[in-house]
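A.B. asks: I am attaching a structure below and will ask some questions about it afterwards.
The values are calculated or read from the model by the stated rules, or taken from the named source; none is laboratory data. Predicted model only: the values in this text are computed from it and were never measured. Don't worry about glycine lacking a Cβ; one is built from the backbone with ideal geometry, like all the others, and counts go over all protein chains shown. Accessible surface areas use protein heavy atoms only, side chains included; no ligands, DNA or RNA. Shrake-Rupley method; radii C 1.70, N 1.55, O 1.52, S 1.80 Å.
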Amino acid sequence: MTATVIDGKARAEDLVTEVTQRAAKLRAEHGVIPGLAVIIVGSDPASQIYVSSKSRRAAACGFHSVQRDLPEETSEADLLAEVVRLNADPTIHGILVQLPLPRHIDAGKVIQAIAPEKDVDGFHFINVGKLGTGETETALVPCTPAGSMLLIEKVLGKDLSGKTAVVVGRSNIVGKPMFNLLLKANATVTIAHSRTPDLPALCRTADILVAAIGKPEFIKGDWIKPGAAVIDVGINRIDAPEKGEGKTRIVGDVDYAGALKVAGAVTPVPGGVGPMTIAMLMANTLRAAEQSVTG
Ligand code: GUN
């Protein structure tokens, strides 16, 4: 068997097209332009790349896009003051503070300072609680799991009744919200993590296998149930001596070549979940702007 490759780039483009159209409608009907503010503290090169692609994407959707580049030595109080300013700014509907933050800043405190209705990362306790209690109509849901769900829907439809799902990884950003979204869609869900015994055997029970552990090519082809849908959330940079000295390449948390032989469908890395994350950020910002009108 050769798995279907799930084209996250194409699905993300479709979503961005829809968001752009809905943003134009919101502007025409209510005079509201969705506004996204992205804050970055320090000069971590990977974070800089992510943040500038988020800002560019927002502008391409017709959004009002603001980027605040703050120096590494910014104090927690100054960052909190910036968040408070953006909370009060009526032209801004979504606020994202890029993580990780420098060690002298308490990231939890900063996240909880963001107004829940502008929390387009979905990390505020209010949004976490809404998702956990199934209030997905008004919750802002974290972008990576929300985007992963759209890819799962594309393959298996919206109702996952009768399906077994295993999420490997228990982070607040991916694993836990992914669990809640799969449960809401009626899947029977298990979260596995570094303390789970016999992970390969558990993974082999999964009709839907979500890998979010941050370990390159950790999940092998023979851990996958034949025909399963495999969603690879990992983005890991590894050495690629075959490309030349000092070269690197990006791989996921799943052994892709192995997965292709066994799975029914699999997301590639890059080009799978990654593009969906940024597209979902745009969708969340639009949603926050729409909800600012409808209340
Ligand atoms: N850093 C890595 N992933 C994320 C994310 O989803 N949101 C934020 N704010 N920072 C990140």
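A.B. asks: Tell me the carbon and sulfur percent of the accessible area for the range 107-149, rounded to whole percent, probe radius 1.4 Å.
C.D. replies: So the carbon and sulfur contribution to the accessible surface is 64 percent.
A.B. asks: Multiplying the sequence separation of residue 73 and residue 25 by 0.36 nm and subtracting their Cα-Cα distance, what value in nm do you get?
C.D. replies: 13.1 nm
A.B. asks: By accessible area of protein heavy atoms, probe 1.4 Å, what ranking do 239, 106 get, highest first?
C.D. replies: 239, 106
A.B. asks: Moving on to the next point. For the chain, which longest stretch is free of loop sites, where a loop site is one of the trypsin sites (Lys or Arg not before Pro) that DSSP puts outside H, G, I, E and B and that has at most 15 other Cβ atoms within 10 Å?
C.D. replies: 1-102
A.B. asks: Continuing with this model, one more query. Kindly identify the range 125-274 as rounded, prolate or oblate by the Cα gyration tensor criterion: order the square roots of the eigenvalues as a ≥ b ≥ c, call it rounded if a/c is under 1.5, otherwise compare a/b with b/c, prolate if a/b is larger, else oblate.
C.D. replies: Because a/c hits 1.5 or more and a/b exceeds b/c, the range 125-274 counts as prolate.
A.B. asks: Which GluC sites (Glu not before Pro) in the range 84-144 pass both tests, a DSSP loop state and at most 10 other beta-carbon atoms within 10 Å?
C.D. replies: Hits after loop and neighbour filter: 137.
A.B. asks: Right, another one. When a/c is below 1.5 the answer is rounded, else prolate if a/b is larger than b/c, else oblate, so apply that to the range 26-108 with a ≥ b ≥ c taken from the square roots of the Cα gyration tensor eigenvalues.
C.D. replies: Oblate, because a/c is 1.5 or more while a/b does not exceed b/c.
A.B. asks: Measuring from label point to label point, each 7 Å out along Cα→Cβ, what is the residue 136 to residue 186 span in nm?
C.D. replies: 1.2 nm
A.B. asks: Quick check of the Kirkwood formula: for the range 1-54, what is the inverse mean of 1/r over all pairs of different Cα atoms, in Å?
C.D. replies: Working: mean 1/r = 0.0696 Å⁻¹.
Across the range 1-54, the inverse of the average 1/r is 14.4 Å.
A.B. asks: For a test of the definition: using alpha carbon positions, the gyration tensor, and the 1.5 limit on a/c, classify the range 209-295 as rounded, prolate or oblate.
C.D. replies: It is oblate, given that a/c is not under 1.5 and a/b is not larger than b/c.
A.B. asks: Give me the net charge of residue 154's neighbourhood, meaning all other residues with Cβ under 12 Å from the Cβ of residue 154; Lys, Arg count +1, Asp, Glu -1. Please list the in-between numbers first.
C.D. replies: On the way: positive: 11, 158; negative: 7, 14, 153.
Once all neighbours under 12 Å are counted, the net charge is -1.
A.B. asks: Need the C-alpha centroid separation for the range 226-260 versus the range 95-110, integer Å.
C.D. replies: 29 Å
A.B. asks: Write down, largest first, the equivalent ellipsoid semi-axes of the range 75-150 in whole Å, where each equals the square root of 5 times an eigenvalue of the alpha-carbon gyration tensor. Show your work: numbers first, answer last.
C.D. replies: Values: eigenvalues 102, 42, 24 Å².
Semi-axes, largest first: 23, 14, 11 Å.
A.B. asks: I would also like to ask the following. At residue 49 and residue 261, where each label point lies 7 Å from the Cα along Cα→Cβ, what is the point-to-point distance in nanometres?
C.D. replies: 3.0 nm
A.B. asks: Suppose every K and R has +1 on its Cβ and every D and E has -1 on its Cβ; what is the size of the dipole of the range 56-108 about the Cα centre, in Debye to the nearest 20?
C.D. replies: Around 360 debye, computed over the range 56-108.
A.B. asks: Could I ask something else about it? Please compute P(r) over all alpha-carbon pairs of the chain, binned at 5 Å starting from zero, and give each bin as a whole-number percent.
C.D. replies: That works out to 1, 6, 12, 15, 18, 16, 14, 10, 6, 3, 1, 0, in percent per bin.
A.B. asks: Multiply the residue separation of residue 14 and residue 104 by 0.36 nm, subtract the distance between their alpha-carbon atoms, and state the gained length in nm to one decimal.
C.D. replies: 28.4 nm
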